[in-house]
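Okay, so here's the structure we're looking at.
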Amino acid sequence: MYKPNQPVKTPGVNYQDIIQEVYQKVNSMEDPGQPASYIPELETVDADNFGVYLTTLDQGAFGVGNCYEAFSIQSIAKVLSLSLAYGILGEHIWNRVGVEPSGTAFNSLIQLDADNGIPRNPFINSGAIVISDILLSNLENPKEDFLAFVRSISKNPAINYSPTIAASEKAVGFRNVALCNFIKSLGNINNDPAEVLDFYFDLCSLEMNCKELSELFLFLANNGVNVFDKSAIVTKSQSKRINALMQTCGFYDESGEFAFKVGLPGKSGVGGGIIAVHPNQYAIAVWSPKLNTKGNSYKGMRFLEEFTTKSQLSIF
Ligand code: GLN
């Protein structure tokens, strides 16, 4: 349905030209970032990869660079697990996790005690671990059912977990173990922490390329409706709220900066991927593994800043 390199234009804006121009500019910049090293397997990826793919709701699509190479989407998967859990639990989900930016690092433990084990939002690790617990309680075969959900949104049966990445993180994921056990001690994890963490590491290990990622997130540009089969993945109100959370919490303690410089709801992962959504217009995926000090892709942030500046379109 979506063919690469189809002209992608909104009246007055030629996205294709802008992407090409900005890609070249950002690609030639010096990149002070470093790939994530705390998950050993992520360090084996060629850090010079840089891909971008834009898919619009009117079926335009355009990609540059390493946009067909699969990478580990890591925390971007937290938006998908939230979407599935939100659909199941509805507004009750907010009894278990908050909707406030944390202003702390993605793996921080410091607020949990004062907050009685209710993580500030679903996109920091503690929040995503609680969402994983909710899915474990509500899905018959969590790992298979979650993957089926992701595949059904994208109509792409090839999307899969990476057992190598999941095992690599599991071997060293001591902070996440600490987070999960601490939340359990405060009464906000119902299942066995080891099972919750296994599922969490699996969902973080999802792999796909920029084209697949941008297609996958189109439902959030489309009021929660799957563009492929027109089914509702989440309600219109839920889609609005998920976008609001991406806008305010999608980049941890750099969320304000992303809103300020890019002006779109988005979500990053330590694999170097970023997805950004322009409601009613497009989803754009960027991948470059070197991260800035906040754990977000350096070139990815720079690219999106220039992209929305040049296209003069953002949600603001
Ligand atoms: N799996 C990673 C972790 O739990 C995800 C972090 C991220 O992408 N920001 O640390």
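Yes/no matrix, rows are residues, columns are (1) of a type outside the set (K, R); (2) within 21 Å of A36 (Cα to Cα); (3) touching an Asp or Glu at 6+ places or on another chain (Cβ under 6 Å); (4) not in a helix (DSSP H, G or I):
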residue: S83; (1), (2), (3), (4): yes, no, no, no
residue: I88; (1), (2), (3), (4): yes, no, no, no
residue: V97; (1), (2), (3), (4): yes, no, no, yes
residue: P101; (1), (2), (3), (4): yes, no, no, yes
residue: A105; (1), (2), (3), (4): yes, yes, no, yes
residue: I110; (1), (2), (3), (4): yes, no, no, yes
residue: A114; (1), (2), (3), (4): yes, no, no, yes
residue: R120; (1), (2), (3), (4): no, no, yes, yes
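Would you say K290 is more than 12 Å from the ligand (Cβ to nearest atom), among the charged types (D, E, K, R) and within 18 Å of S37 (Cα to Cα)? Yes: the conditions hold for K290. Condition check for I124 on (1) touching a helix residue (DSSP H, G or I) at 6+ places or on another chain (Cβ under 6 Å); (2) surrounded by 15 or more Cβ atoms within 10 Å (Cβ to Cβ): one failure, at (1). Just a yes or no: is a residue in the range 114-128 within 16 Å of the ligand (Cβ to nearest atom), under 25 Å from C67 (Cα atoms) and within 19 Å of the chain's Cα centre (by Cα)? Taking every residue of the range 114-128 in turn, at least one turns out to be within 16 Å of the ligand (Cβ to nearest atom), under 25 Å from C67 (Cα atoms) and within 19 Å of the chain's Cα centre (by Cα). Residue count for the range 26-69 under the criterion of being in contact with a helix residue (DSSP H, G or I) (Cβ under 8 Å, 6 or more places away or on another chain), closer than 21 Å to L206 by Cα and within 16 Å of the ligand (Cβ to nearest atom): the result is 8. Scanning the range 70-108 for residues that are surrounded by fewer than 17 Cβ atoms within 10 Å (Cβ to Cβ), closer than 12 Å to P119 by Cβ and within 16 Å of the ligand (Cβ to nearest atom) yields one hit, T104.
Only helices (runs of 4 or more DSSP H) whose full extent lies in the range 232-313 are considered here, and the ones with at least 1 residues that are surrounded by fewer than 24 Cβ atoms within 10 Å (Cβ to Cβ) and among the β-branched types (V, I, T) are 236-249, 298-311. Going through (1) more than 30 Å from S231 (Cα to Cα); (2) surrounded by fewer than 18 Cβ atoms within 10 Å (Cβ to Cβ) one by one, K155 falls short only on (1).
Mind checking whether some residue in the range 202-214 is hydroxyl-bearing (S, T, Y), under 21 Å from N107 (Cα atoms) and surrounded by fewer than 22 Cβ atoms within 10 Å (Cβ to Cβ)? So far as the range 202-214 goes, no, none of its residues is hydroxyl-bearing (S, T, Y), under 21 Å from N107 (Cα atoms) and surrounded by fewer than 22 Cβ atoms within 10 Å (Cβ to Cβ). Each residue in the range 147-204 was checked for being within 16 Å of the ligand (Cβ to nearest atom), under 18 Å from the mean Cα position of the chain (by Cα) and not in a helix (DSSP H, G or I), and 2 pass. Does N223 qualify as being in a loop (DSSP other than H, G, I, E, B), surrounded by fewer than 21 Cβ atoms within 10 Å (Cβ to Cβ), of a type in the set (S, T, N, Q) and more than 14 Å from the ligand (Cβ to nearest atom)? Taking the combined requirement at face value, the residue satisfies it. Here is a check on your reading of the model: is L313 closer than 24 Å to R120 by Cβ and touching a residue at least 60 places away in the same chain (Cβ under 8 Å)? Here the answer is no, as L313 does not meet what is asked.
Among residues of the range 195-216 that are on the phi < 0 side of the Ramachandran plot and in contact (Cβ under 8 Å) with a residue 12 or more places away in the chain, those with a beta-carbon under 6 Å from a residue that is assigned to a strand (DSSP E or B) and among the small types (G, A, S) at least six positions away or on a different chain give the pairs E207/S72; C210/G51; C210/A285; K211/G63; L213/A285; S214/A283; S214/A285.
Each value in this text was obtained by applying a stated rule to the coordinates, not by laboratory testing. Remember, it's a predicted structure, so these values are computed and weren't measured experimentally. Every residue, glycine as well, gets a Cβ built from its backbone with ideal geometry; the counts of neighbours run over all protein chains shown.
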